[in-house]
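Notes to accompany the following structure.
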Amino acid sequence: MKIGIIGLGYVGLPLAVAFAESGNDVIALDADKRKVESLARGESYIEDIPDSDLAPLGERLTPTTRYADLASCNAVIICVPTPLTGSREPDLTYLIDSGAELAKVLQPNQLVVLESTTYPGTTRERLAPILAESGLSAGTDFHLAFSPERIDPGRTDYTVRTTPKLVGGLTEECSKRAEELYALICEQVIVLSGPEAAELSKLLENIFRSVNIAFVNELAQLCDRLEIDVWEVIDAASTKPFGFMRFEPGPGMGGHCLPIDPFYLAFKAREHDFYPEFIELAGKVNQAQPAYCAERIERALNDLGKPVKGSNVLILGVSYKAGVGDMRESPALKIAELLRERGGEVCYHDPHVAELPQFGLRSVDLDAALETADVAAIVTAHPGVDYGAVAEAVPALIDFRGVTREIDAANLIRL
Ligand SMILES: NC(=O)c1ccc[n+]([C@@H]2O[C@H](COP(=O)([O-])OP(=O)(O)OC[C@H]3O[C@@H](n4cnc5c(N)ncnc54)[C@H](O)[C@@H]3O)[C@@H](O)[C@H]2O)c1
């Protein structure tokens, strides 16, 4: 088959590679010329896709910025961003723009699949009318479906191939075509009643995580007051073989999904005079977590007899999760901002993030930074750091990730 992918980011590029690896021809389209040029040189910009994965694909993967190149595809998959506006409402600009460009080249009998996370109704109510500007009708002249992406950057135990894929088409034939498409690269494809169920399934998965993370974040704050080790409690509860699922507290939620997607559903709910309280409450608790962590750093400095102002604070790990360099919505940014506002001298060490231009900072050498730090805070625990040695080198080490549980040191403070 010949498959077009629109949007070659964390979702689109691995998908393009998976289809090409399975022997299909892939037209890989992005509006960002630099990404397309990079791929044309055989250079990947996504950590999960090494250059060595691109090399064997040869001409099976054709990077382009031209929508006209999609006209020859059997299927086109849209993987553009779906962020929030400044007032935390869905921003469908990228989807509308890419849909409008695709409509200009859409062909009869093509299959179009939306993978971007969005609220239920988007595929039918927003995308179908835009594509209909082609003069072709969704469900009759061309096929249209939604299939949520479930990629987890950095994860290796589940891949695109082994993670079950949900699809929901506008019609039975749309679903069938989508099922056939994903069967090329996925071991299991599950067909739902329509795009709405598929759109909402993705939001349920993400909101489930957001709500449970908020719950343990709140529990961590309570444990701080009760002087009970939250990690010991979570470990203990996790021994129950049924009816409990482990979630861990942390410095706050980051990434493109969890801090954003729940508000897509909250928006849709409000359109129906419904106010989903779990979503809003979880968002509120999770958004407040970086401020709580900044306060814990402040307290640690206070115990050392130092104010935040003028103290050297070393942040260990600034990306939103371990093992990747993705900075989107990272809580480290908020923590750094709050400490700086109070006059703290903030620096950071992160092997995955060379610079933070918004702070005018570059990742510092760990050994050198430890010599001058008044306090170090583990915000994201990238593998390969010797936290025992860090604890020995600084007056106070604060662990927001629970990775120092094996270390016994008087200057160690855990969330
Ligand atoms: N990153 C994840 O872990 C993840 C997981 C599941 C679902 N999702 C969802 O998948 C979607 C994409 O996320 P992502 O992380 O890959 O985003 P991304 O920002 O990494 O990639 C999106 C790409 O789309 C391109 N683009 C934007 N507008 C375009 C246009 N009009 N035409 C062509 N290309 C365009 C951008 O240049 C960018 O390269 C989002 O809806 C997101 O919520 C992301």
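Rule-based calculations on the coordinates, nothing more; no lab input. If you're wondering where the values come from, they're calculated on a predicted model, not measured in any experiment. Backbone-built Cβ (ideal geometry, glycine too); neighbour counts: all protein chains shown.
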Radius 13 Å from Cβ of LEU265, net charge of other residues (Lys, Arg +1; Asp, Glu -1): -4
Relative contact order of the range 309-350, defined on C-alpha pairs under 8 angstrom at six or more residues apart (%): 57
Computed [θ] at 222 nm, helices only, for the chain once each DSSP H run of length n ≥ 4 contributes -39500 (n - 2.57): -11500 deg cm²/dmol
Radius of gyration and Dmax over the Cα atoms of the range 213-252, both given in Å: 10.2, 29
Positive minus negative residues near VAL230 (Lys, Arg vs Asp, Glu; Cβ under 10 Å): -4
Cut-off 12 Å between beta-carbons: net charge of the residues surrounding PRO351, Lys and Arg +1, Asp and Glu -1: -3
Net dipole in debye of the range 100-178 [+1 Lys, Arg Cβ; -1 Asp, Glu Cβ; about Cα centre; nearest 20]: 160
Between 0 and 90°, nearest 10: helix 172-183 axis offset from the chain longest Cα axis: 60
Proxy reagent accessibility, fewest Cβ within 10 Å first, across THR140, THR117: THR140, THR117
Mean Cα-pair separation over length for the chain, i.e. relative contact order, pairs under 8 Å, 6 or more apart, %: 10
Highest-MSF residue in the chain out of HIS352, HIS382, HIS272 [GNM, Cα springs under 10 Å]: HIS272
Dipole of the range 215-329, positive direction: furthest Cα of ASN312, PRO249, GLN287, with charges on the beta-carbon: ASN312
Antiparallel DSSP beta bridges within the range 245-385, percent to nearest 5: 20
Cα shape, the range 151-224, gyration tensor, a/c 1.5 rule: oblate
Rounded to 5, percent antiparallel among DSSP beta bridges of the chain: 10
Max mean-square fluctuation residue, GNM over the chain, Cα-Cα springs under 10 Å, options ARG177, ARG246, ARG124: ARG246
Tilt relative to the chain, helix 12-21 - C-alpha long axis, 0 to 90 degrees, to 10: 60
Debye equation applied to the C-alpha atoms of the chain, log10 I(q)/I(0) at 0.07, 0.08, 0.13 Å⁻¹: -0.38, -0.50, -1.13
The range 89-156 - Rg and Dmax from Cα coordinates, angstrom: 13.0, 43
Angle between the chain longest axis and helix 331-341 axis [Cα atoms, degrees, rounded to 10]: 50
Largest-first ellipsoid semi-axes for the range 11-160, taking √(5λ) over the Cα gyration tensor eigenvalues, angstrom: 25, 19, 14
Choice from GLY42, GLY252, GLY283 with maximal GNM fluctuation in the chain (Cα, 10 Å cutoff): GLY42
